[in-house]
Amino acid sequence: MATHMTEMLKGTLEGIVLAILTDRPAYGYEITTRLRDEGFESIVEGTVYALLIRIEQKGYVDVEKVPSEKGPPRKVYSLNVSGREQLADFWQTWDFISARIEHLRPVSTG
């Protein structure tokens with residue numbers, strides 16, 4: 001099941017991370033921890049950091065470097081207007097797809 005979960009998550013992880021950032025700004029490790037707390041234990045930090053670079057390049061987040069007690073400054077990501085618009089599109093698409101999938105699911109008889 002883990003392989004199937006990983007494949008399905010690839011297409012939705014961007015929206016999930018944007019949703020996490022609606023609560024408050026966060027840095028990469030915080031986002032990874034939140035994902036794991038939400039049940040996505042198989043997601044590795046490298047995947048999250050690569051995604052954060054992509055959403056920064058797409059202009060969905062603002063980035064602030066904040067001093068860290070342990071090492072170099074941390075990049076703190078906060079959702080901006082473009083990111084909120086992208087997240088709204090994500091939820092609209094998610095609702096459409098999940099409704100169609102649910103419609104296709106056989107009704108349990110037992």
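The values are calculated or read from the model by the stated rules, or taken from the named source; none is laboratory data. The structure displayed is predicted, hence computed values, not measured ones. Ligands, DNA and RNA are stripped out before the accessible areas are found, and what is left, the full protein with its side chains, is counted by its heavy atoms. Shrake-Rupley method; radii C 1.70, N 1.55, O 1.52, S 1.80 Å.
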- prompt: With the other protein chains left in place, how much accessible area per residue, in square angstrom, belongs to the chain at a 1.4 angstrom probe?
  reply: 71 Å²
statement: Kirkwood calc, the stretch 59-110, C-alpha pairs only, radius in angstrom 14.3 Å
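Please report, as a whole percent, how much of the solvent-accessible surface of the chain comes from carbon and sulfur atoms (probe radius 1.4 Å).
Looking at the chain in its full context, I get 56 percent from C and S.
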task: Express in nm, to one decimal, how much length is gained between Lys58 and Arg84 on full extension, taking 0.36 nm for each residue of separation and deducting their alpha carbon distance.
output: 8.1 nm
message: Quick check: the angle from helix 45-57's long axis to the longest principal axis of the chain, C-alpha only, nearest 10 degrees?
response: 80 degrees
Per-q log10 I(q)/I(0), the chain, q = 0.11 Å⁻¹ (Debye; single scatterer per alpha-carbon; no solvent): -0.41
statement: In degrees rounded to 10, the 0-90 angle between helix 28-37 Cα long axis and the longest Cα principal axis of the chain is 30 degrees
